[in-house]
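Notes to accompany the following structure.
The values are calculated or read from the model by the stated rules, or taken from the named source; none is laboratory data. Quick caveat: nothing in here was measured; it's all calculated off a predicted structure. Here the Cβ positions follow ideal geometry from the backbone for every residue, glycine too, while neighbour counts run over all protein chains shown. For the accessible areas, the whole protein counts, side chains as well, though only heavy atoms, and no ligand, DNA or RNA atoms are used. Shrake-Rupley method; radii C 1.70, N 1.55, O 1.52, S 1.80 Å.
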Amino acid sequence: MTQTKPLLLQLIPFPSLDRAQARLDHNFNVVRLWEADDPRAIVQRHGNDLTLLMTSALTPTPAELMDQLPKLRAICSVGVGYDSIDVRYAQSKGIQVSNTPDVLNDCVADMAWALILGAARSLGSAERYVRSNRWIEHNKFPLSTRVTGKKLGIVGLGRVGQAVADRAVGFRMDVRYHNRHPRDDVPWTYAPSLLELASWADILVIATVGGASTYHLIDGAVLNALGANGILINVARGSVVDEAALALALQQGQLGAAGLDVFEAEPTVPQALKDLDNVILLPHIASATKETRLDMVNLAIDNALAFIQSGKVITPVPPLNA
Ligand code: 8YV
């Protein structure tokens, strides 16, 4: 007798990860919402049978959707961030939510360093200089900023922040961090205030969670404290930075440079930032390597399978009601 596969609602595809999709299809009876002509009708048709949902850190997963799925018991998300999911609501309804921590730490930290080096050494404008033949015409590209030996401030010393700090050893940098609480398991100095960290640092890397608790944490005052030679790097969430204040600080020379992988209203990037030469702009790709994306999707599938087998996901998002 063949066992029927559990039904799973998949909100988003896994681009270029066919084997991961095949693994999901092998284990579950997958309802592909993104392919549906009428997603509402699909949700209505299967609403009473669905216990599992697969989403991503960048896919809105609101309370209204959960309300249409009265039997929903687990949401498995691809990505470490969960600000796009109404986790509080899910948890209040007894729905488990899992994310994919750890597997992306290295790639996101690597990208933070690519942005540090890119912003400090003017890699974006240097590249444009060669491509537009200005090298041949002028041959005087402006001097850039040394990275080695500088002071590195980390805002949010979680798993990603720690991987960024670990990589500073080879650059002989002094590292300090700001968190809600100091950590006693790391060698770096704790800065009790963000403003103090920003005034001390040459380079400030944002690696916090997104969402309401960190909204516009990096405002005009913090940017001013970082200063005219300071460099801001964001691999966390666009919402953490007041983007208008950032564009203004860069335009007016109150901040030296920036490297950004994330934006407030992705995929829209303010024209004011695009017009500046001293900012590197990336399309939210810090975790987007073949290897890491495969690890992330596989961990999300592992979570869904663990839920079916044991009733518990492996990497749950911590309770948010506290
Ligand atoms: C991805 C991210 O872009 O993990 C996160 O929180 O923002 C990124 O790694 C996202 O997860 C895509 O699924």
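Which condition does L294 not pass, out of (1) within 16 Å of the ligand (Cβ to nearest atom); (2) of a type outside the set (S, T, Y); (3) open to solvent by less than 50 Å² (accessible area, probe 1.4 Å); (4) at negative phi, if it passes all the others?
Failing condition for L294: (3).
Restricting to the stretch 78-94, name every residue that is more than 8 Å from the ligand (Cβ to nearest atom) and of a type in the set (G, A, S).
Answer for the stretch 78-94, where residues must be more than 8 Å from the ligand (Cβ to nearest atom) and of a type in the set (G, A, S): S84, A90, S92, G94.
In the stretch 95-110, which residue that is closer than 17 Å to Q162 by Cβ and more than 10 Å from the ligand (Cβ to nearest atom) is surrounded by the fewest Cβ atoms within 10 Å (Cβ to Cβ)?
Top of the filtered list is D102.
Residues that are open to solvent by less than 20 Å² (accessible area, probe 1.4 Å), modelled with pLDDT of 95 or more and part of a helix (DSSP H, G or I): does the stretch 134-157 have at least one?
No; the residues of the stretch 134-157 include none that is open to solvent by less than 20 Å² (accessible area, probe 1.4 Å), modelled with pLDDT of 95 or more and part of a helix (DSSP H, G or I).
Those residues that are open to solvent by 30 Å² or more (accessible area, probe 1.4 Å) and within 22 Å of R73 (Cβ to Cβ), I need them from the stretch 8-29; list them, please.
I12, R23, D25, H26, N27, N29
Select from the stretch 31-52 the residues that are under 26 Å from A288 (Cβ atoms), surrounded by 13 or more Cβ atoms within 10 Å (Cβ to Cβ) and out of contact with any helix residue (DSSP H, G or I) (no Cβ under 8 Å at 6 or more places or on another chain) and list them in ascending order.
Passing the criteria: only R32.
Is it true that some residue in the stretch 245-257 is within 16 Å of the ligand (Cβ to nearest atom), assigned by TED's automatic domain parsing to the domain that holds V160 and either open to solvent by 60 Å² or more (accessible area, probe 1.4 Å) or outside any strand (DSSP E or B) (or both)?
no
Return the total of residues in the stretch 1-29 being in contact with a helix residue (DSSP H, G or I) (Cβ under 8 Å, 6 or more places away or on another chain), away from the ligand (no atom under 16 Å from the Cβ) and aliphatic (A, V, I, L, M).
The number of residues fulfilling the criteria is 3.
Only one of (1) in a loop (DSSP other than H, G, I, E, B); (2) more than 13 Å from the chain's Cα centre (by Cα) is not met by H284, so which one is it?
Here H284 clears every test but (2).
Run down I301, I314, I308 and say which single residue is part of a helix (DSSP H, G or I) and open to solvent by 60 Å² or more (accessible area, probe 1.4 Å).
Step by step, each of I301, I314, I308 is checked, and only I308 is part of a helix (DSSP H, G or I) and open to solvent by 60 Å² or more (accessible area, probe 1.4 Å).
Return yes when L223 is in a helix (DSSP H, G or I) and open to solvent by less than 10 Å² (accessible area, probe 1.4 Å) and no when it is not.
Spelling it out, L223 is indeed in a helix (DSSP H, G or I) and open to solvent by less than 10 Å² (accessible area, probe 1.4 Å).
Going through R45, R32, R40, R73 one at a time, which residue ends up being touching a residue at least 40 places away in the same chain (Cβ under 8 Å) and away from the ligand (no atom under 16 Å from the Cβ)?
R73
Do we have any residue at all in the stretch 112-132 that's open to solvent by 50 Å² or more (accessible area, probe 1.4 Å), more than 12 Å from the ligand (Cβ to nearest atom) and touching a helix residue (DSSP H, G or I) at 6+ places or on another chain (Cβ under 6 Å)?
No, every residue in the stretch 112-132 fails to be open to solvent by 50 Å² or more (accessible area, probe 1.4 Å), more than 12 Å from the ligand (Cβ to nearest atom) and touching a helix residue (DSSP H, G or I) at 6+ places or on another chain (Cβ under 6 Å).
Return the total of residues in the stretch 267-280 being away from the ligand (no atom under 12 Å from the Cβ) and without any contact (Cβ under 8 Å) to a residue 24 or more places away in the chain.
Number of matching residues: 5.
Given the residues S132, S98, S125, S144, which is the only one that is among the polar types (S, T, N, Q) and in contact with an Asp or Glu (Cβ under 7 Å, 6 or more places away or on another chain)?
After ruling out the rest, the residue left standing is S125.
Yes or no: N179 at positive phi and either open to solvent by less than 60 Å² (accessible area, probe 1.4 Å) or at pLDDT below 95 (or both)?
Considered against the rule, which asks whether it is at positive phi and either open to solvent by less than 60 Å² (accessible area, probe 1.4 Å) or at pLDDT below 95 (or both), N179 comes out as no.
Whether any residue in the stretch 265-274 is modelled with pLDDT of 95 or more, farther than 15 Å from L123 by Cβ and surrounded by 20 or more Cβ atoms within 10 Å (Cβ to Cβ) is what I want to check.
no
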